[in-house]
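Quick notes on the structure that follows.
The values are calculated or read from the model by the stated rules, or taken from the named source; none is laboratory data. Note that this is a predicted model, so its numbers are computed, not measured. Glycine also receives a Cβ, built like all others from the backbone with ideal geometry; neighbour counts cover every protein chain displayed. Quick note on the areas: whole protein, heavy atoms, side chains included, nothing else; ligands and nucleic acids left out. Shrake-Rupley method; radii C 1.70, N 1.55, O 1.52, S 1.80 Å.
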Amino acid sequence: MQKRHHKINRRQLPSPPNLAPRATAPWLWRPLISVVLPVYNQGRYLRESLDSVLRSAKKYPLEVVVINDGSTDDTAAVLQKNRNNEHVKVITQTNAGLARALNRGFAEVQGLFVSWTSADNRYADGALDDLADFLLANPGVDLAYANVRLIDQHGAALRNSAYWSQD
């Protein structure tokens, strides 16, 4: 059976139950935020990345869909530690590449707001809360993104790279 998804137009958000539409303030209703996190052989970064996603949404309900794309390192062991976390859903598949891992993750999400990150990225605390607050307060805006700070494999600030130069 094929799963069917219905896209929700934020401009026509449903009202929370038992509240009149005009009495509903955006900060009273907190839609689900979904984050897709594909991973392939990045177990050494995964714990920190996943923890940062979980800390990035304190005010909103959150689901993290992790796609283990056939990793052969310690990724499975890191993910095993989250087996009882209600916010984390782990899907393991044969290695199919980033695009297929992302597509699989996006097919699974349930949230009104959807994002994705890589296993070697970290979110700032509260970042998803800030982005969701902005989108709810600005229904004419369809996309929000955050600034970045580049770091190396040790977490130190990365300067003079192809992505950032000291101008």
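A few notes on this one:
- Selected residue [open to solvent by 40 Å² or more (accessible area, probe 1.4 Å), assigned to a loop (DSSP other than H, G, I, E, B), of a type outside the set (Lys, Arg) and without any contact (Cβ under 8 Å) to a residue 40 or more places away in the chain] from Asn121, Asn84, Asn95: Asn84
- Residues being touching a residue at least 40 places away in the same chain (Cβ under 8 Å) and more than 29 Å from Ala157 (Cβ to Cβ) are represented in segment 65-81 by at least one member.
- Verdict on Val141 being on the phi < 0 side of the Ramachandran plot, within 16 Å of the chain's Cα centre (by Cα) and of a type in the set (A, V, I, L, M): no
- Of the residues making up segment 138-158, not a single one is in contact (Cβ under 8 Å) with a residue 12 or more places away in the chain, in a loop (DSSP other than H, G, I, E, B) and crowded, with 16+ Cβ neighbours inside 10 Å.
- Exactly one residue out of Gly105, Gly126 is out of contact with any His (no Cβ under 6 Å at 6 or more places or on another chain), on the phi > 0 side of the Ramachandran plot and open to solvent by less than 30 Å² (accessible area, probe 1.4 Å), and it is Gly126.
- Residues in segment 27-37 that are within 10 Å of the chain's Cα centre (by Cα) and either open to solvent by 70 Å² or more (accessible area, probe 1.4 Å) or over 11 Å from His87 (Cα atoms) (or both): Val36, Leu37.
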